[in-house]
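Trainee: Structure in structure tokens, see below.
The values are calculated or read from the model by the stated rules, or taken from the named source; none is laboratory data. Quick caveat, the model's predicted, so the values are computed rather than measured. Note that we place each Cβ from the backbone using ideal geometry, even for glycine, and neighbour counts take in every protein chain shown. These accessible areas exclude ligands, DNA and RNA; they are computed on the full protein's heavy atoms, side chains included. Shrake-Rupley method; radii C 1.70, N 1.55, O 1.52, S 1.80 Å.
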Amino acid sequence: MEILKIAVTGNVGAGKTTFIRTISEIEVVDTERRITDEKIASWKENTTVALDFGRLTLNSEQIVHMYGTPGQARFDFMWDIILNKVHAYILLVAVHRPQDFRGARRILTYINQRVQIPMIIGLTHTDCEGAWQKDDVILALGLTNQNIDLPVVDVNAENPNSVAQCLLTLLEQWQPKPTT
Amino acid sequence: MVQASMLNEIIQKFVTSISGIEGAALVTPDGLSLVSVLPSSMDEERTAAMSAAILSLGERIGQELVRGLVARIVVEGEKGYSVMVSCGRDAVLLVLASKETKQGLLFLEIKRLVRELMPLLG
Ligand SMILES: Nc1nc2c(ncn2[C@@H]2O[C@H](COP(=O)(O)OP(=O)(O)O)[C@@H](O)[C@H]2O)c(=O)[nH]1
Ligand SMILES: [Mg+2]
């Protein structure tokens, strides 16, 4: 049995916990706590403080383990712990909150400086008011020059089909390393 | 805030008056620092986030493995202890103690401190 470990990362409210809850076949191990930071508490109730964990069986040979990271930068030690254990990751970006794009870019840089693993970008909240167009988000995230083939997909974290599609896109990115 | 300065005073007193205690901090369950008396080499913001993260994981493990309510998380290192305890719904207490500290006494002092802090956190 092969275990494919993936991380789901992104800013607060991007949809990480929802993504994992939507597709996990086990009750998700979450570590959510009530938000006390007033700026965020006005629009969000809970936040992940350690990790989320979910599992999905793909077939008789492969299982996906999904690790959701906390969104806030003060938990970046958890990003390290998780990213050192996974084979690939998804960066979720809420496209209706352009004020968060800088944070998403920061996470991207942080990760790319530490690990070189397959990744994709999932755009969430495309159905919400004020949602940016994909091309504009790509520009804002500074992805135009480097990472030309980096897949950027729309995903609704609340919709099982959409999450499954996103996960498949990530799995397609997989380049199994030859074992030596 | 009157309350914050009182919390600060209590934590300060705890750290200075009990031998072997090297630092203490009170943080919110989502990892923001409320009060901290820590060695200057430690980053207050990261320490707060770490305390909240490990306590939440410990509590989740306690639940998953049916161990009941978690009294404390203890990280025992070569150079001493880090103890994390829940301090009501709104706070997490972190205490750092030297290796020489007697564990039983340490836990007792922490219990006392929590009892003193709780009414102020209301
Ligand atoms: N309308 C809409 N809501 C979404 C979408 N993705 C996530 N959400 C909602 O956004 C909120 C924040 O999601 P959460 O998973 O807690 O974010 P996290 O901080 O990244 O873990 C939740 O209420 C989700 O139901 C989306 O694509 N569209
Ligand atoms: Mg979350």
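Trainee: Of all residues in region A:65-82, count the ones that are within 16 Å of ligand 1 (Cβ to nearest atom) and over 11 Å from the mean Cα position of the chain (by Cα).
Mentor: So the answer is 8.
Trainee: Tell me, please, whether a residue that is within 23 Å of A:ARG34 (Cβ to Cβ) and open to solvent by 50 Å² or more (accessible area, probe 1.4 Å) can be found in region B:34-44.
Mentor: For region B:34-44, residues within 23 Å of A:ARG34 (Cβ to Cβ) and open to solvent by 50 Å² or more (accessible area, probe 1.4 Å): present.
Trainee: For A:ASP37, which of the numbered conditions (1) more than 21 Å from A:CYS128 (Cα to Cα); (2) open to solvent by less than 50 Å² (accessible area, probe 1.4 Å); (3) at pLDDT 95 or above fails to hold?
Mentor: Single failed check for A:ASP37: (3).
Trainee: Related question: Which one of these is more than 16 Å from ligand 2 (Cβ to nearest atom), under 26 Å from A:GLU32 (Cα atoms), within 14 Å of another protein chain (Cβ to nearest Cβ) and open to solvent by 10 Å² or more (accessible area, probe 1.4 Å): A:ASP127, A:ASP80, A:ASP76? Don't jump to the end; show me each part of the working.
Mentor: Numbers: A:ASP127 fails: within 14 Å of another protein chain (Cβ to nearest Cβ); A:ASP76 fails: more than 16 Å from ligand 2 (Cβ to nearest atom).
Only one candidate qualifies: A:ASP80.
Trainee: Continuing with this model, one more query. Among the numbered conditions (1) in contact with a Leu (Cβ under 7 Å, 6 or more places away or on another chain); (2) within 16 Å of ligand 2 (Cβ to nearest atom), tell me where A:ARG21 comes up short.
Mentor: (1)
Trainee: So which residues in region A:40-64 are over 15 Å from the mean Cα position of the chain (by Cα) and among the aromatic types (Phe, Trp, Tyr)?
Mentor: Within region A:40-64, just A:TRP43 meets the criteria.
Trainee: If you don't mind, there's one more thing I want to ask. With respect to A:THR9, determine if the residue is surrounded by 20 or more Cβ atoms within 10 Å (Cβ to Cβ) and near ligand 2 (Cβ under 9 Å from one of its atoms).
Mentor: So A:THR9 fails the test.
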